[in-house]
Amino acid sequence: MLTEFNFSALSLEILILSTAMFSMSACAKKASPKPPVAEIVPKDVSVHNDKRVDDYFWLREKENPEVIDYLKAENAYTETMMAHTEKLQTQIYDELVGRIKETDLDVPVKWGDYFYYNRTEKGQQYSIYCRKAGSLDAEEEVLLDQNELAAGKEYFRLGVFEVSPNHKLLAYSVDTTGSETYTIKVKNLETGALLPDEVPGTYYSVEWANDNKTLFYNTLDPANRPFKLFSHKLGSDTAQDKLLHFEEDEAYFLSLSKTKSQAYLLLELGSSTTSEVWYLDADQPDSGFKLMHPRQHKMEYYVSHHGDKFYIMTNEDAINFKIMQVSVKNPSKKHWKEYLPHRPSVKIDGVEPFRQHLVIYERDQGLEKIRVANLGTKKHHYIEFDEAAYSVGGAHNPDFEGSVLRFHYSSLVTPSSVFDYDMDARSRELKKQKEVLGGYDPAEYQTERLFAMAGDGTKIPISLVYKRGMQKNGKSPLYLYGYGSYGVTIDPGFNSNRLSLLDRGFVFAIAHIRGGGALGRGWYDDGKLFTKKNTFTDFITCAEHLITENYTSRQRLVISGGSAGGLLMGAVMNMRPDLFHAVVAKVPFVDVVNTMLDASIPLTVIEYEEWGNPNEADFYEYIKDYSPYDNVEAKNCPNILITAGLNDPRVQYWEPAKWTAKLRAVKTDDNLLLLKTNMGAGHGGASGRYDHLKEIAFEYAFLFDRLGMEGQL
């Protein structure tokens, strides 16, 4: 990276002063302050293979105070241009807070002799971790109060929370910058004292051996890739911790888990298409990990333990996965035997073992299902659900010996619910449904599932929710959300924040586009690498279909996506800027070519299997053809709100900053373009629950303002 920087300090000073003049006055709405200008500095360039220069490469200079000043100037401009919506933001924020039960309690989970749960208190940003011994009537023991740990910090995020097998110790980790680099701490739950054992620079994997004194954890390389596994003996010098595995291949992540049976620790190494698993007897932490099956290109496998068997979920010759089983005495692949065969229309998402049952999480034609297998009778059945579209998944089930499965359920109209399901009696009990304050009635809202026809004849699902009585006359504002990468499915679940849209006449829609996993692994494969453009054209197809069917109009359609979904926003805006009235791009991955050419940036090498390697000519040309930053042109754009996090390790802040600067320089309209950078957070934005709701209120206020809805509020 070049360090010379010629940005004019005088022009920056004038810029900051000019925006400051329009602080938060009542006349700000009528004022027209000039937006910040990111000067082009020819000496600071990044050169693509075709010798084009990156005019805004200098914005990568995070340590340069003038770059920070520039980002602050953008924030000042955003604050100024949104000053007239302050009252509206407060109104929306009060609505969002008013729907949540601020002092609340999760359903306790029984593990061993304790009941573990989280609770929240009114006015407190973070949840409190607690337990009770023996019964729910026992005295509460506070294990960790995040509010105390976060006091005085701009950002706080809890990483891992792992209680030792004997329930006497707690290993937890914290991140106070948003960089997703965590420091492990160990607390004695009997005395409340912190042990001297503290390990910085760790990631999300921390597990206990069954001796209650050996901890395993992973650490990060300079590109923020988890690549080393260590073991630590409590009371010893962490500098002497034993290195157990060093993953040299930059395309692989290293993670660690513990089987539900508590019998084995699993070292999991994986790229986007290939995985490898090593296992260790948790009773013998010094015995060394054993390899189950060496990595085999484009073969994934995932391991669960049950008694004298391992169950293996694999996609070898099974694009939507199948389940194999093998003896723990000799688990090499040649001994694997099929337990549940591959089915072309059903994707297996996960396996959860109990002593007498095997729970299999499936996705059939895009709909999530829970299959229960009785290992004694060998009979299988599905848990039935009444709604046509919903989201369901396993909850925390630490009791391997039990026969009750706890799962979460919600839909676009049904609030998040926790059920206990007796797998023998085939009966369920609703333990808790998240309370929505303010008189929410699900009968007042209606859901639909539509299909839009893509140009190649593929049907693209769309999930919708709106207030009953909505007229399909093209006049309703519509919020269309999309993601479409990594095989991630955006399921139709409930979100009380969305009511601030629906109650104002919005239709809310999710486009289940290719690149996601809605219709199985093939759906994902048809939206990555050389088929990535399907993701973008599918989204445009969904938008056009919703307009054609009179759910909305171009003048009333707003779209939103974050991270890889932000890439989606940038791509479709370049392709069809006339189709959308407003765009919200959160921490958007828009500088695809530059990022994927720079192996020093976190996640780059690992993601070659998602986007392709632009060091190869064919991939370079394909990626360049859709990369949002590289395809900004002089033309009219919608209203745009872009967000960034200064400490974001996934999408570096400079991607949205550079994109904003380039759009400002060439766009030919007067529509609003705002960049809002959180200067003390990372990829997920604000860490506190109230601060998070303020971010949502800001976004909604931006949309209502741009749609001219002041009279409807």
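Bear in mind these aren't lab numbers, they're just calculated from the coordinates by the rules spelled out. These numbers were taken from a predicted model, which means no experiment stands behind them. All Cβ positions, even for glycine, are placed from backbone atoms using ideal geometry, and neighbour counts span all protein chains on display.
Structural remarks
- Trypsin sites (Lys or Arg not before Pro) lying in DSSP loop within region 303-335, provided at most 12 other Cβ fall within 10 Å: 329
- Straight-line reach from residue 329: taking Cα to Cα under 17 Å and skipping same-chain neighbours fewer than 8 places apart, the lysines in range are 290, 309, 337.
- Working from Cα pairs under 8 Å separated by at least six residues, relative contact order for region 300-435 is 13 percent.
- Distance-filtered residues of region 126-166 - backbone nitrogen under 19 Å, label point 7 angstrom along residue 328 Cα→Cβ: 165-166
- Principal semi-axes in Å for region 426-551 [√(5λ), Cα gyration tensor, largest first]: 28, 21, 11
- Going from the residue with the fewest nearby Cβ atoms within 10 Å to the one with the most, 181, 531 rank 531, 181.
- Close amide H contacts of residue 261 (hydrogens built in the peptide plane, cut-off under 5 Å, sequence separation of 5 or more or a different chain): 305.
- Here 58, 111 are placed in order of increasing Cβ neighbour count within 10 Å, fewest first, which gives 111, 58.
- FRET efficiency for residue 338 and residue 257, using Cβ-Cβ distance with R0 set to 22 Å, rounded to 0.05: 0.35
- Beta bridges by DSSP in region 453-590, antiparallel share as percent, to the nearest 5: 25 percent
- Rel. contact order, % - alpha carbon contacts under 8 angstrom, at least six apart, the chain: 10 percent
- Between 0 and 90°, nearest 10: helix 564-575 axis offset from the chain longest Cα axis: 30 degrees
- Gain in span if fully extended, residue 475 to residue 425, counting 0.36 nm per residue against the direct Cα distance: 13.0 nm
- Computed over region 300-435, the quotient of the alpha carbon radius of gyration and 2.2 N^0.38 Å is 1.09.
- Distance between the 7 Å Cα→Cβ label points at residue 525 and residue 381: 3.6 nm.
- Added length on full extension, which subtracts the Cα-Cα distance from 0.36 nm per residue, residue 636 to residue 154: 169.8 nm
- Spin-label pair residue 188-residue 598: with each label point 7 Å from Cα along the Cα-Cβ axis, the two points sit 4.7 nm from one another.
- Region 590-660: C-alpha gyration tensor shape, a/c 1.5 cut-off, then a/b vs b/c: oblate
- Per-residue ellipticity at 222 nm computed for the chain from its helices equals -5500 deg cm²/dmol, with DSSP H segments shorter than 4 residues left out and the rest contributing -39,500 (n - 2.57).
- Debye intensity ratio in log₁₀ form over the Cα atoms of region 153-299, taken at each q of 0.10 Å⁻¹: -0.34
- Among 420, 237, sorting on how many other beta-carbon atoms sit within 10 Å of each Cβ, with the fewest leading, yields 237, 420.
- Cα long-axis angle, helix 654-666 against the chain (0 to 90 degrees, to the nearest 10): 20 degrees
- Once the Cβ-Cβ distance of residue 211 and residue 408 is raised to the sixth power relative to R0 = 45 Å, the FRET efficiency obtained is 0.85.
- Angle in degrees between helix 617-626 and the longest Cα principal axis of the chain, rounded to the nearest 10: 60 degrees
- Ordering 351, 272, 457 by Cα displacement along the dipole of the chain toward the positive end leaves 457 in first place; charges were set at the Cβ atoms of Lys, Arg (+1) and Asp, Glu (-1).
- Its Kirkwood hydrodynamic radius, worked out from the mean inverse distance over all distinct Cα pairs, puts region 652-713 at 13.8 Å.
- The string of couplings for region 154-161 from the Karplus curve (6.51, -1.76, 1.60, θ = phi - 60°) is 5, 9, 8, 9, 7, x, 9, 9 Hz, one whole number per residue in order, with x for Gly and Pro.
- Region 604-653 and region 135-184: distance between their alpha carbon centers, rounded to Å: 36 Å
- Stretched out straight at 0.36 nm per residue, the stretch from residue 456 to residue 621 would grow longer than its current Cα-Cα span by 57.2 nm.
- Restriction of the trypsin sites (Lys or Arg not before Pro) in region 594-683 to DSSP coil positions whose beta-carbon has at most 12 other beta-carbons within 10 angstrom yields 635.
- Based on Cα atoms of the chain, Rg over Rh with Rh as the Kirkwood radius reads 0.95.
- Fraction of beta bridges assigned by DSSP in the chain that are antiparallel (%, nearest 5): 85 percent
- Between residue 245 and residue 195, the FRET efficiency from the beta-carbon distance, with R0 = 22 Å, is close to 0.30.
- Region 225-282, dipole about Cα centre (Lys/Arg Cβ +1, Asp/Glu Cβ -1), debye to the nearest 20: 300 debye
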